[in-house]
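All remarks here apply to the structure that follows.
The values are calculated or read from the model by the stated rules, or taken from the named source; none is laboratory data. Keep in mind that this is a model prediction, so the values were computed, not measured. Quick reminder, even Gly has a Cβ in these numbers, built from the backbone with ideal geometry, and neighbours come from all protein chains shown. SASA here: full protein model, heavy atoms, side chains in, ligands and nucleic acids out. Shrake-Rupley method; radii C 1.70, N 1.55, O 1.52, S 1.80 Å.
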Amino acid sequence: MTSMHARKDSLPASILASIRNRKKRLEAVLAAAKPRAEGTLIASYNVHKCVGGDRRCDPERTSRVIHEIGADVIALQEADTRFGERTGILDLTRLERETGLVPVPVSGMSKAHGWHGNVVLFKKGLVRDVHQIKLPGLEPRGALVAELELENGGELRIIAAHFGLLRHSRARQAQMLVELMADRSEATTILLGDLNEWRLGDRSSLNTLQSAFEAQPPAVASFPARLPILALDRIMSNRKGVLTNVEAHDTPLARVASDHLPIKAVLNLKRVEELTATA
């Protein structure tokens, strides 16, 4: 009799739990099926060497997340092995076949996808110039600068970067990008990547970047992927009005495929064309 009462008492709680779980599953399905935003979509994704929250290295799963995002331009971080002779982890040939994304070429890296793990992929356009920048700091870090001419209009400079874990290194790396922009301020430039910065104020490397990238959208939490609370990944521009709809790409697959969620934004190409014409 006691066990029967206990079962009756627990029944409402189990029903409520089932309803909550059903609601979560529905929300997950709706999130995954959410249509991509109109316009030119740019994104940044630290793929964590294709190692997910379950500690499995699964390049196929990472590729599915990239496919899911549907970006026209995307910067990847940690797309190569980190130590020894860097080797690319993703199947870029298959990714190009399935998504139309092609990598911006880098020199002197026979087996690596990118530069210090940084890769820029884009659809339909021309690569006018590429610069591989070694960033200062105790850890080996880099930035890839790509001058792109997009097929659907607009000339664009992409700076794909991965800042270090140490605050002093991030400050020096941010300053180097600001100095780089001093000679290249005429073109519309998008900085995107894992900046590893959660601090605000004078001690933040983001404060240093404001002199060159004044159009910094609101922070979007992207780390850790399963329960994002820190805005380590950023997309920003040196021109106001060219970026809208900055958000995390938060789907069930993205939550497990890496320790970071991808972030994405819509690029206003009409505004880019106007700025290019008046430069």
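Quick one: is Ala212 closer than 18 Å to Phe163 by Cβ and assigned to a loop (DSSP other than H, G, I, E, B)? So Ala212 fits the description; yes. Could you please give the count of residues in segment 209-235 that are open to solvent by less than 40 Å² (accessible area, probe 1.4 Å), farther than 25 Å from Val256 by Cα and touching a helix residue (DSSP H, G or I) at 6+ places or on another chain (Cβ under 7 Å)? Result for segment 209-235: 2.
Kindly evaluate Thr189 against the criterion of being more than 17 Å from Ile159 (Cα to Cα), hydroxyl-bearing (Ser, Thr, Tyr) and either surrounded by fewer than 19 Cβ atoms within 10 Å (Cβ to Cβ) or touching a strand residue (DSSP E or B) at 6+ places or on another chain (Cβ under 6 Å) (or both). Here the answer is no, as Thr189 does not meet what is asked.
Within segment 244-256, one or more residues are in contact (Cβ under 8 Å) with a residue 60 or more places away in the chain, farther than 22 Å from Ser211 by Cβ and charged (D, E, K, R). Note on segment 171-180: residues that are in contact (Cβ under 8 Å) with a residue 12 or more places away in the chain and open to solvent by 10 Å² or more (accessible area, probe 1.4 Å) amount to 6.
Return the residues of segment 254-265 that are open to solvent by less than 40 Å² (accessible area, probe 1.4 Å) and either modelled with pLDDT under 95 or part of a helix (DSSP H, G or I) (or both); say none if nothing qualifies.
From segment 254-265, those open to solvent by less than 40 Å² (accessible area, probe 1.4 Å) are 254, 256-258, 260-265; that's our starting set.
Of everything in segment 254-265, those that are open to solvent by less than 40 Å² (accessible area, probe 1.4 Å) and either modelled with pLDDT under 95 or part of a helix (DSSP H, G or I) (or both) turn out to be Ala254, Val256, Ala257.
From the list His168, His162, the lone residue that is touching a residue at least 60 places away in the same chain (Cβ under 8 Å) and either open to solvent by less than 50 Å² (accessible area, probe 1.4 Å) or over 25 Å from Pro103 (Cα atoms) (or both) is His162.
So if I check each of Thr251, Thr276, which one is modelled with pLDDT of 90 or more and either open to solvent by 30 Å² or more (accessible area, probe 1.4 Å) or over 30 Å from Arg128 (Cα atoms) (or both)? Walk me through it before giving the result.
Numbers: Thr276 fails: modelled with pLDDT of 90 or more.
Of the residues listed, the single one that is modelled with pLDDT of 90 or more and either open to solvent by 30 Å² or more (accessible area, probe 1.4 Å) or over 30 Å from Arg128 (Cα atoms) (or both) is Thr251.
Among the residues of segment 151-195, those that are of a type in the set (A, V, I, L, M, F, W, C) and part of a strand (DSSP E or B) comprise Leu156, Ile158, Ile159, Ala160, Ala161, Ile190, Leu191, Leu192. Within segment 233-245, the presence of a residue that is part of a loop (DSSP other than H, G, I, E, B) and closer than 21 Å to Val119 by Cβ is excluded.
Scanning segment 221-279 for residues that are of a type outside the set (D, E, K, R), under 14 Å from the mean Cα position of the chain (by Cα) and under 15 Å from Thr189 (Cβ atoms) yields Ile235, Met236, Ala265. Within the set Arg141, Arg172, Arg167, Arg184, the sole residue that is over 16 Å from the mean Cα position of the chain (by Cα), more than 30 Å from Pro252 (Cβ to Cβ), among the basic types (Lys, Arg) and at pLDDT 95 or above turns out to be Arg172.
Within segment 70-89, the set of residues being crowded, with 19+ Cβ neighbours inside 10 Å and under 16 Å from the mean Cα position of the chain (by Cα) comprises Ala71, Asp72, Val73, Ile74, Ala75, Leu76, Gln77, Glu78, Ala79, Asp80. So for segment 116-134 (the condition being on the phi < 0 side of the Ramachandran plot, within 18 Å of the chain's Cα centre (by Cα) and without any contact (Cβ under 8 Å) to a residue 40 or more places away in the chain), does at least one residue qualify? No, because not a single residue in segment 116-134 is on the phi < 0 side of the Ramachandran plot, within 18 Å of the chain's Cα centre (by Cα) and without any contact (Cβ under 8 Å) to a residue 40 or more places away in the chain. The criterion of being closer than 27 Å to Trp198 by Cα, charged (D, E, K, R) and either in contact with a Ser or Thr (Cβ under 9 Å, 6 or more places away or on another chain) or without any contact (Cβ under 8 Å) to a residue 12 or more places away in the chain (or both) holds for Glu139.
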